[in-house]
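Shown next, in structure tokens, is the structure this report addresses.
The values are calculated or read from the model by the stated rules, or taken from the named source; none is laboratory data. Values in this document were obtained by computation on a predicted structure and should not be read as measured data. Don't worry about glycine lacking a Cβ; one is built from the backbone with ideal geometry, like all the others, and counts go over all protein chains shown. The accessibility values were calculated without ligands, DNA or RNA, using every heavy atom of the protein model including side chains. Shrake-Rupley method; radii C 1.70, N 1.55, O 1.52, S 1.80 Å.
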Amino acid sequence: MRVGIVASLLLSATVFNSASADEVCSNKTFPFIYQDINGNEVSGVQDQSGQCIFPSSACSSVAESGSGKTNCCRPAPYTTGASYMFIAFALIMLPQFVFIPHFFHDIYKRHPEKLEGFKFDNAPPWLRSKLLAHIWNKGIWVGTTAFVVIPIFMKQSIQEQLTVSSRNVLQSAEAFLVPYKEIFQFVEDIVSIKINYALSSRNKSLANTLVHLGLAASLISGLGASAVAAILGVFPRVLQALTNPGLHNDLTLYPDCNIVEASQDSDDLIRPYWQIEVWKFLGTQVVSVLAGFMFGALEYDAYGWIMALGLGTLPLIWFTGLDNPIEPLILLAWGEFSVSYVTLALTILYLTSPLGSSIRDKTGVTLSLRKLMSSFGALFCAGFSEDVDESSDDIDAPLIQSDTAEDDSPLVIADDGEGDYGSMARPASGHGPGDSSAPIGIEDDGERSTTRELVVQGLSIMFLDVTVQLAKSLAVYLALLTDGATAYQLTALDSNLPTYGLAYSYGISFTIKVIGPIFLTMQEYSIFFKFASIMLLCAFLLVPLIVGTTIPFRDGLAIESGQNSCVYAGSEECVSFFTKVYGINGTGGDFSLQYTYFAFWFGASIESLFISARALVVTMLDFGYIVKSTGVALVLYVIALVIASLVQPFAKSAIAYFIVMFVPQAILLVLFIGRMYTLYRRMVKGEAKGTMRAKFKRRLMGNR
């Protein structure tokens, strides 16, 4: 009797455990749904550690072949807060429709002469239809929308379509290519802002010089960057070190996983991707100068349409080509390549054809091969010329001017360390804003000074951007060397950054870089600081939106952004990779992708705020402070990286590397906002004491 009872209990327990195992590994409870080769849903079995494996699914054959294709599994239903982030469009539109018109109206009431010649509705005269002109004047909104929305959908689709190994290769390649490209990316910012100042000052000659100098610099830097990177890609060992540095470590961690082993034979995929990507640098560089010129000339609508058409080639090529046999990674490279050169072709066509006659008349800028060739000479002479205007010695000073100064020249005010606003002043660029006849010829000292100033200021921005990008790249490389699963978590979080704040912050920074120089050139400093405060407030309002749409939805975000790793659960040899990404049976746990998403709001918020703060400091031409603060951030980043790599229990985890990637931006954000506040207080103090005018004169006369 007792034996029968015991046997019955054991049988019941066995049945219960079997049912429990089947339930855990069924498509009803597992976070991914698996299918066999016929498309029928299948359940998995548990291994000795309790992890579900799906040997009867098509993923098992994928694992055996090493292809990494993920059509054998898909995510179970999940929810995210992405749709709520579209509220952030209001933070881009609100300043444009409410505050900025109010500021210009205020200036017009006090100084109507300052707005003489300003025209924000720039429909060209050949558009005779009022309806077409009205549509044309919406170009900036079309371009901004494309600039915000396309990266959001592209990042998510790329994460879904690329295999895990291809996604890690892409992340590793970008870890080198993005900071490498940023070395030369300062051209757009510096040209845009300097041209805006020149045109706001009605100095057409200087604007023409700046455009051709920028084009010459971009051609040199673009050709040099592309050629060097292309040569690096010729050597297999160098290319593998740059695109797949953790391969040997992954082969040790997952010795019998064919998906990982297949990464060894990816040279035929990586090499064409690399060569296509590096040769887009040239087009990107030239486009950045022309974009800077058109933004500085207030041709927002014209370039908005051009930008929308250029950006539109990427999703057009990507989504129409996914059904073709071409590898998604190569398809992506051709799409990004096309964006650069389609945008370049459309911009040159507009500026040189009768369509752009109005912008040529307004700005005095006419693209000229002769002028371009002479600009090459000016660039080479700038670094060696001894005969340079002494005013260029203070080029690292911020452009802040006094409403109380009688002199109409823009004045540059720098901090002399005594905490007194206005202690160092000089005429910006060495000439007055209305002096369109100022000598700017190639043979003239003025252009050599302008060239040297442009180069040194550009190098300051380059130092900032390269430092920020290298901080990310180094963390990515360390993650790849630690474990492919760790690096893959970083790619998952990176794919969602545009959706949750980053794309919208670019819209805010765009407004700052376009409108800010106008207020500063008008010497409307109180208006500028009000404008800066509102733009920063809009950026800070992104933070609660980011927090509210990510932390409650972190499980859904993890499933969405890491879904192509589900293939690793198709075999016992590869399942440990899946477990490191999602935890046992996708339930999360310490250092899983769900766990790492706890830190996502920090990175997304800091990056979004930093982009806006950077735009403000660059707009103020505060280059000396940019260099000093970047040096401080770099030192503190190294300390943070050491902690993230050595201090347990978080050492070498994805969450540690993700947080440390944004340490420089967090430090720079604090320093930049502090700088803004300091300059504002000095302005208020100087105006209250009535000492601005006297200090300007003492400085201009050479007396301290």
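For segment 584-631, which residues satisfy the criterion of being closer than 17 Å to M676 by Cα and acidic (D, E)? Let's see the steps before the verdict.
Here is the first cut: in segment 584-631, the ones closer than 17 Å to M676 by Cα are 609-630.
The one that is closer than 17 Å to M676 by Cα and acidic (D, E): D622.
Give the number of residues within segment 601-622 that are in contact with a Leu (Cβ under 8 Å, 6 or more places away or on another chain) and either assigned to a helix (DSSP H, G or I) or at pLDDT 95 or above (or both).
Residues flagged as in contact with a Leu (Cβ under 8 Å, 6 or more places away or on another chain) and either assigned to a helix (DSSP H, G or I) or at pLDDT 95 or above (or both) within segment 601-622 amount to 14.
Counting only residues that are of a type outside the set (V, I, T) and either under 17 Å from F32 (Cβ atoms) or within 20 Å of the chain's Cα centre (by Cα) (or both), how many does segment 598-626 have?
16
Evaluate the following for A345: is it open to solvent by less than 20 Å² (accessible area, probe 1.4 Å) and out of contact with any Phe, Trp or Tyr (no Cβ under 6 Å at 6 or more places or on another chain)?
On the way: open to solvent by less than 20 Å² (accessible area, probe 1.4 Å): no; out of contact with any Phe, Trp or Tyr (no Cβ under 6 Å at 6 or more places or on another chain): yes.
When the stated conditions are applied, A345 does not pass them.
Return the pair list, or none, for Cβ contacts closer than 6 Å from residues in segment 625-644 that are closer than 14 Å to F658 by Cα to residues that are of a type in the set (G, A, S) and surrounded by 21 or more Cβ atoms within 10 Å (Cβ to Cβ), at least 6 apart or on different chains.
From segment 625-644, the pairs are Y637/A471; A644/A656.
Taking the residues in segment 9-63 that are at pLDDT below 85, open to solvent by less than 70 Å² (accessible area, probe 1.4 Å) and out of contact with any helix residue (DSSP H, G or I) (no Cβ under 9 Å at 6 or more places or on another chain) as candidates, determine which candidate is farthest from E261 (Cα to Cα).
Filtering first and then ranking leaves S12.
Please list, ordered by first then second residue, the pairs with beta carbon atoms under 9 Å, 6 or more apart or interchain, first in segment 96-108 and in contact (Cβ under 8 Å) with a residue 12 or more places away in the chain, second open to solvent by 60 Å² or more (accessible area, probe 1.4 Å) and not hydrophobic (A, V, I, L, M, F, W, C).
That search, which allows pairs on different chains as well, returns F99/K530; F103/K530.
Going through segment 337-349 one residue at a time, which ones are touching a helix residue (DSSP H, G or I) at 6+ places or on another chain (Cβ under 6 Å) and not aromatic (F, W, Y)?
S338, V339, S340, V342, T343, L344, L346, T347
Here's the yes/no breakdown for (1) surrounded by fewer than 14 Cβ atoms within 10 Å (Cβ to Cβ); (2) under 28 Å from D323 (Cα atoms); (3) in contact with a Lys or Arg (Cβ under 9 Å, 6 or more places away or on another chain); (4) at pLDDT 80 or above:
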| position | (1), (2), (3), (4) |
| --- | --- |
| L94 | no, no, no, yes |
| V98 | yes, no, no, yes |
| R110 | yes, no, no, yes |
| K119 | yes, no, yes, no |
| A175 | no, no, yes, no |
| E182 | no, no, no, no |
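Considering each of Y657, Y625 in turn, give the residue that is surrounded by fewer than 24 Cβ atoms within 10 Å (Cβ to Cβ) and assigned to a helix (DSSP H, G or I).
Checking each option against the conditions leaves just Y625.
Checking T596 against (1) out of contact with any Leu (no Cβ under 7 Å at 6 or more places or on another chain); (2) within 26 Å of Q161 (Cβ to Cβ); (3) crowded, with 23+ Cβ neighbours inside 10 Å, only one condition comes out false. Which one?
For T596, the failing item is (1).
Looking at L282, L251, which one is open to solvent by 20 Å² or more (accessible area, probe 1.4 Å), assigned to a helix (DSSP H, G or I) and in contact with a Gly (Cβ under 7 Å, 6 or more places away or on another chain)?
L282
Check off (1) out of contact with any helix residue (DSSP H, G or I) (no Cβ under 8 Å at 6 or more places or on another chain); (2) more than 24 Å from P649 (Cα to Cα); (3) crowded, with 19+ Cβ neighbours inside 10 Å for P552 and give me the number that stays unchecked.
(3)
Mind listing just one residue for me: the one in segment 498-513 that is of a type in the set (A, V, I, L, M, F, W, C) and open to solvent by 10 Å² or more (accessible area, probe 1.4 Å) and, of those, farthest from L609 (Cα to Cα)?
The extreme case among them is F510.
Can you find a residue in segment 142-150 that is more than 20 Å from G312 (Cβ to Cβ), at pLDDT 75 or above and either part of a helix (DSSP H, G or I) or not aliphatic (A, V, I, L, M) (or both)? Can you show your working first?
So the first thing to find is which residues in segment 142-150 are more than 20 Å from G312 (Cβ to Cβ), and the list is none.
No, segment 142-150 contains no residue that is more than 20 Å from G312 (Cβ to Cβ), at pLDDT 75 or above and either part of a helix (DSSP H, G or I) or not aliphatic (A, V, I, L, M) (or both).
Output the residue which, of all residues in segment 204-224 that are of a type in the set (G, A, S) and within 24 Å of the chain's Cα centre (by Cα), is nearest to L282 (Cα to Cα).
Checking each candidate, the answer is G222.
Within segment 331-356, how many residues are over 26 Å from T320 (Cβ atoms), in a helix (DSSP H, G or I) and of a type in the set (G, A, S)?
The qualifying residues number 1.
Within segment 76-85, is there a residue that is at pLDDT 85 or above, among the β-branched types (V, I, T) and either open to solvent by 60 Å² or more (accessible area, probe 1.4 Å) or closer than 24 Å to G548 by Cβ (or both)?
Yes; the residues of segment 76-85 include at least one that is at pLDDT 85 or above, among the β-branched types (V, I, T) and either open to solvent by 60 Å² or more (accessible area, probe 1.4 Å) or closer than 24 Å to G548 by Cβ (or both).
Please name all residue pairs, on different chains or six or more residues apart, with Cβ atoms under 9 Å, provided the first residue is in segment 49-66 and is among the charged types (D, E, K, R) and the second residue is open to solvent by less than 10 Å² (accessible area, probe 1.4 Å) and modelled with pLDDT of 85 or more.
These pairs meet every condition: E64/G570.
Within segment 216-240, work out how many residues are open to solvent by 60 Å² or more (accessible area, probe 1.4 Å) and free of Cβ contacts under 8 Å to residues at least 24 places away in the same chain.
Final tally of qualifying residues: 5.
Could you look through segment 312-328, keep only residues that are β-branched (V, I, T) and outside any loop (DSSP other than H, G, I, E, B), and pick out the one that is most open to solvent (accessible area, probe 1.4 Å)?
Only one residue fits best here, namely T320.
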